[in-house]
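**Student:** Have a look at this one.
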């Protein structure tokens, strides 16, 4: 049997509940720890709300065919909520801690500092902050080499991606251990520098703002823009990564298209970054030169293209848009 460590979530809010579902589904016991002193009645309501949401989430997953009703009962049995005054006992027995309290630096530092003194000296502690840099928090943690950030995308129990940001003091072995644990739960972790916006929020902020801007400018209706995103933008990038897509078509195409858009729309937000021009100068155009952002040396490019096109055909089938040819 696979050894599954007990997981603790600091906070029983939206993120804690999503993480609890993800780990309980993968066989771990999870304890959400309330961080606020409450009366017994207040805590009872919080506990009912938290477990009620977990149950509702599992019921939805059951309806979607991800587990059966009996399995849902087993999974919910792995989740517990405890009051703040029981945190030390819980943390003393935990194998991994996720912090999911509101985005207030002082509050996070207080909660993380207390937790780091209650757990074992080598227990990994991960914040889940979406806005605060890891090194703005690490100073509050005893033994900060075991501290890093793990940014989950909502809904945490469904979206595979988790963005891991180590701090200046984080031990690389801790990064590797957390990656392995997340992969064991079916997640897809990526490692990025501790910078504002990480990867996905930084990219999606640009895309969302541009979509809103186009509605405001009368380019198209919200419905038409969203249709374009689902069946064009999102369709392709579910198969090809953004940088892979640049290589697929060629970085030179992006360079010249960006210059045109910058001039035509009168905004430097379309200007290509210097790395595009540098790649062109170095002959790193993409697939057709054997290198771009990715290295295609020794790759069977024809087989690679066929595989990616096959994945796009699978997307067509998913959207029920794959049709046989008209023969009459």
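**Student:** Going by the structure shown, is residue 286 at positive phi and at pLDDT 95 or above? Talk me through it step by step, then tell me what you get.
**Tutor:** On the way: at positive phi: yes; at pLDDT 95 or above: yes.
Taking the combined requirement at face value, the residue satisfies it.
Rundown of residues vs (1) within 30 Å of residue 111 (Cβ to Cβ); (2) over 26 Å from the mean Cα position of the chain (by Cα); (3) assigned by TED's automatic domain parsing to the domain that holds residue 111, yes/no style:
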| site | (1), (2), (3) |
| --- | --- |
| 41 | yes, yes, yes |
| 52 | yes, no, yes |
| 57 | yes, no, yes |
| 66 | no, no, yes |
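**Student:** Still on this structure, please answer the following. Residues in the stretch 207-218: is at least one in contact with a helix residue (DSSP H, G or I) (Cβ under 7 Å, 6 or more places away or on another chain) and either at pLDDT below 95 or part of a loop (DSSP other than H, G, I, E, B) (or both)? Steps first, answer last, please.
**Tutor:** Quick first cut of the stretch 207-218, residues in contact with a helix residue (DSSP H, G or I) (Cβ under 7 Å, 6 or more places away or on another chain) only: 211, 214-215.
Next cut, either at pLDDT below 95 or part of a loop (DSSP other than H, G, I, E, B) (or both) only: none.
So far as the stretch 207-218 goes, no, none of its residues is in contact with a helix residue (DSSP H, G or I) (Cβ under 7 Å, 6 or more places away or on another chain) and either at pLDDT below 95 or part of a loop (DSSP other than H, G, I, E, B) (or both).
**Student:** Is at least one residue of the stretch 80-96 free of Cβ contacts under 8 Å to residues at least 60 places away in the same chain, within 23 Å of the chain's Cα centre (by Cα) and either farther than 22 Å from residue 141 by Cβ or not in a helix (DSSP H, G or I) (or both)?
**Tutor:** Looking through the stretch 80-96, none of the residues is free of Cβ contacts under 8 Å to residues at least 60 places away in the same chain, within 23 Å of the chain's Cα centre (by Cα) and either farther than 22 Å from residue 141 by Cβ or not in a helix (DSSP H, G or I) (or both).
**Student:** Would you point out which residue out of 156, 150, 169 is part of a loop (DSSP other than H, G, I, E, B), touching a strand residue (DSSP E or B) at 6+ places or on another chain (Cβ under 9 Å), modelled with pLDDT of 95 or more and in the same structural domain as residue 12 (by TED's automatic domain parsing)?
**Tutor:** Values: 156 fails: modelled with pLDDT of 95 or more; 150 fails: part of a loop (DSSP other than H, G, I, E, B).
Every option except 169 fails the conditions.
**Student:** A further question on this structure: Which condition breaks for residue 15 when tested against (1) more than 19 Å from residue 158 (Cα to Cα); (2) modelled with pLDDT under 95; (3) crowded, with 17+ Cβ neighbours inside 10 Å?
**Tutor:** Looking at each condition in turn, residue 15 falls short on (1).
**Student:** Please verify whether the stretch 54-64 includes one or more residues that are within 23 Å of residue 130 (Cβ to Cβ) and either in contact (Cβ under 8 Å) with a residue 40 or more places away in the chain or surrounded by 14 or more Cβ atoms within 10 Å (Cβ to Cβ) (or both).
**Tutor:** Within the stretch 54-64, the subset within 23 Å of residue 130 (Cβ to Cβ) is 54, 57.
Those left that are additionally either in contact (Cβ under 8 Å) with a residue 40 or more places away in the chain or surrounded by 14 or more Cβ atoms within 10 Å (Cβ to Cβ) (or both): 54, 57.
Yes, because at least one residue in the stretch 54-64 is within 23 Å of residue 130 (Cβ to Cβ) and either in contact (Cβ under 8 Å) with a residue 40 or more places away in the chain or surrounded by 14 or more Cβ atoms within 10 Å (Cβ to Cβ) (or both).
The values are calculated or read from the model by the stated rules, or taken from the named source; none is laboratory data. What you are looking at is a predicted structure, and each value in this text was computed from that prediction instead of being measured. Note that we place each Cβ from the backbone using ideal geometry, even for glycine, and neighbour counts take in every protein chain shown.
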